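A short write-up of the structure that comes next.
The values are calculated or read from the model by the stated rules, or taken from the named source; none is laboratory data. Being a predicted model, the structure only gives us computed values, none of them experimental. All Cβ positions, even for glycine, are placed from backbone atoms using ideal geometry, and neighbour counts span all protein chains on display.
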Amino acid sequence: MLTLYFAGAISGGRDDVDLYREIIAALEAEGHRVLAGAVAAEHVTASGEALDSRAIFDRDLGWIAECDIVVAEVSKPSTGVGYEIATARYHRGIPVICLYRPAHTSRCTAMVSGDRGIELIEYTNLPELLPRLSSALAKYTAVRPGLPPR
């Protein structure tokens, strides 16, 4: 199975934390290793973690370097998530799958929806999303026991 880095808004608001937890639990139930940090933590508020910002930066970029694929829920705009997506795609050559609920915001940012190298999955609810996300991830595990060279 794959090692995934899951990204979602923290400072932009914690309205979706239960959704993040459900997605992460489903991915783990499929056997994937999910590095999620504070995004799914109960104790973390929109103010962020109690850790020093440099420690968070180093930890999260370390996890991105360790992962096979970044899965990012982008329905709630987040500068941090955008930074993580760009780091994975353009600095590390790591594939990115973005999850987006059109009803949640007026539109997905063009920097995500316009990037032909990002797989964008639009969805309305979790039962619709999970099989589509599993299918997207299966394409990577079918290539080889890991991923194409970066």
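Table for the structure above
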{"read-out": "Cβ-Cβ under 6 Å pairs, at least 6 apart or on other chains, region 97-117 side more than 23 Å from Ala138 (Cα to Cα), far side of a type in the set (D, E, K, R) and not in a loop (DSSP other than H, G, I, E, B)", "value": "Pro102/Glu122"}
{"read-out": "Among residues of region 25-54, those that are at pLDDT 90 or above and of a type in the set (A, V, I, L, M, F, W, C), counted", "value": "6"}
{"read-out": "Candidate set from region 4-21 (those that are farther than 15 Å from Glu84 by Cβ and surrounded by 15 or more Cβ atoms within 10 Å (Cβ to Cβ)); member that is modelled with the lowest pLDDT", "value": "Arg14"}
{"read-out": "Checking Glu66 against (1) touching a strand residue (DSSP E or B) at 6+ places or on another chain (Cβ under 9 Å); (2) over 25 Å from Gly31 (Cβ atoms), the condition it does not meet", "value": "(2)"}
